[in-house]
Amino acid sequence: MVSRGVISSVNRPRRIGLIMQGGAGWVGGSEYIRNLVLAFGQLPTEERAGYELCLISGTPLEPALARQLECHVARSYTLSTDLPLATLPNRARWLMDRHLRGQPNTRFAEFVSAASLDFLYPLTYDNQYNIGVALPLGKALGNGRWAGWIPDFQHRFMPELFSVAEIAKRDAGIGILAREAGTIVFSSESAAEDFRRFYPETGARAKVLHFRTHPDCAWFESDPLQVQQRFHLPDDFFLVSNQFWQHKNHRTLFAALALLRKRGLKPALVCTGQTSDFRKKDYFNILLRQIHESGIASQVFVLGLIDRTEQIQLMRRSLAVIQPSLFEGWSTVLEDARALGKIVLASDIAVHREQNPPGVRFFARDSPEALADAIAVMLPECVAGPNSAGEAAARATAERAMLKYGRDFLGMIEGSL
């Protein structure tokens, strides 16, 4: 087990186990961890000297991501190879713990102990998909310290997008976190308030960490015009970078373009993001049908999931970014736009108003008319990027925000130990 007394008995930095999230199906999860590592790495040496980050993933990281993060982490663990060996005696012991003692995570707990990890973050309501860990956690981790993370409560506000089984799974997992975790992190005050309302009896401390986007130097050394030309895009276009999931609200955006077309306005729209919605397999085809039936096919360029660096270059090149989502825990798109100094047209949901990047303009989330009007007003004002002066100012602001994010992260750890 991980012992709280280890830190005082040995003169060494606190070892923080940072658990990889997301993947191809949820880019926001991997970006969350990437930016957290980079925020830690940006802190002055004396501020991070008492800590070591250890990255934990179920399977090997993408090589490009591993290279970017390796200088900021003391060690990377891949559970597919670094868990204790599944020898016959070990398997027998783990099975006994699972079935007789109700402790399904002994193997993971032994890994945590062997790695001398003093703190784990983030553990969520579903840790099976990434590290194979089942809830509850408390018995296996003993007096080890860890914090939970709940991105949002979308299943409570938009239950029509979830199966009954998925809603039950999320509620059960969040309920266990509410009972077991000393600290649960939220990316927005809005989500933290939802938690307090849904779980008023919890003893967990709700901590808000507003994650930020790290502005990589390489972003500003590339030529966005080359990326535009590679994808055969027009010079002037708006950009939406969302998965093609129902709550991302592409339907309202496409309806707004159809209205503008009737007014004689034909702005181009570039769409990046995963095209499959696991909760509604035919949703992307429904959207394609809407595009063609409303006569806007010549204006809409669907690129699908593209390389992150290419997506950033298209954001730099765009007239503006549109974020029409109906629900977010904390929008990565808005943080990307903030770091690049891009104007955003955003739906008027509470989280977007809380994020409030400079120059943002809000529209009624379910109104194609309101979005069409906002685009029409913006069109004469917009110029294709990049804007060097605007980017320089936004970059400096983003770097300061990353320092605060890194300090807030360490403050959360200290408050939890």
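The values are calculated or read from the model by the stated rules, or taken from the named source; none is laboratory data. Here the structure is a predicted model, which is why all the values come from computation and not from measurement. No Cβ is skipped: glycine too gets one built from the backbone with ideal geometry, and neighbour counts run over all protein chains shown. The accessibility values were calculated without ligands, DNA or RNA, using every heavy atom of the protein model including side chains. Shrake-Rupley method; radii C 1.70, N 1.55, O 1.52, S 1.80 Å.
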Check: Has segment 111-129 got at least one residue that is over 19 Å from A204 (Cβ atoms), out of contact with any strand residue (DSSP E or B) (no Cβ under 6 Å at 6 or more places or on another chain), open to solvent by less than 60 Å² (accessible area, probe 1.4 Å) and not small (G, A, S)?
Finding: yes
Next item on the list: Could you figure out which of (1) in contact with a strand residue (DSSP E or B) (Cβ under 6 Å, 6 or more places away or on another chain); (2) farther than 20 Å from E328 by Cβ isn't true of E189?
Entry: (2)
Check: Residues in segment 202-211: is at least one at pLDDT below 95, under 24 Å from E354 (Cβ atoms) and over 24 Å from the mean Cα position of the chain (by Cα)?
Finding: yes
Check: What tally of residues in segment 87-122 results from selecting those that are outside any loop (DSSP other than H, G, I, E, B), among the charged types (D, E, K, R) and more than 30 Å from V73 (Cα to Cα)?
Finding: 4
Notebook entry, point to check: Can A168 be described as among the aliphatic types (A, V, I, L, M), open to solvent by 30 Å² or more (accessible area, probe 1.4 Å) and either over 24 Å from L417 (Cβ atoms) or free of Cβ contacts under 8 Å to residues at least 24 places away in the same chain (or both)?
Noted result: yes
Checklist line | Subset of segment 220-240 (residues that are open to solvent by 20 Å² or more (accessible area, probe 1.4 Å), closer than 20 Å to L379 by Cβ and either in contact with a strand residue (DSSP E or B) (Cβ under 9 Å, 6 or more places away or on another chain) or without any contact (Cβ under 8 Å) to a residue 12 or more places away in the chain (or both)) | finding: P234
Note to self: Among the residues of segment 264-283, are any at negative phi and in a helix (DSSP H, G or I)?
What the structure shows: yes
Check: Within segment 58-73, is there a residue that is of a type in the set (A, V, I, L, M, F, W, C), in a loop (DSSP other than H, G, I, E, B), out of contact with any Pro (no Cβ under 8 Å at 6 or more places or on another chain) and closer than 21 Å to L417 by Cβ?
Finding: yes
Next item on the list: Please determine, by comparing only the residues of segment 196-219 that are in a helix (DSSP H, G or I) and free of Cβ contacts under 8 Å to residues at least 40 places away in the same chain, which one is nearest to T183 (Cα to Cα).
Entry: R196
Note to self: All but one of (1) surrounded by 14 or more Cβ atoms within 10 Å (Cβ to Cβ); (2) farther than 29 Å from G273 by Cα hold for T87; state the number of the condition that does not hold.
What the structure shows: (1)
Margin query: Please return the ranges of helices (runs of 4 or more DSSP H) entirely within segment 302-417 where 3 or more residues are more than 18 Å from the chain's Cα centre (by Cα) and crowded, with 16+ Cβ neighbours inside 10 Å.
Written below: 308-317, 368-378, 388-416
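Matching residues to (1) open to solvent by less than 10 Å² (accessible area, probe 1.4 Å); (2) in a helix (DSSP H, G or I); (3) out of contact with any strand residue (DSSP E or B) (no Cβ under 6 Å at 6 or more places or on another chain); (4) under 17 Å from R308 (Cα atoms):
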site: I16; (1), (2), (3), (4): yes, no, no, no
site: Q21; (1), (2), (3), (4): yes, no, yes, yes
site: G28; (1), (2), (3), (4): no, yes, yes, yes
site: Y32; (1), (2), (3), (4): yes, yes, yes, yes
site: E46; (1), (2), (3), (4): no, yes, yes, no
site: C54; (1), (2), (3), (4): yes, no, no, no
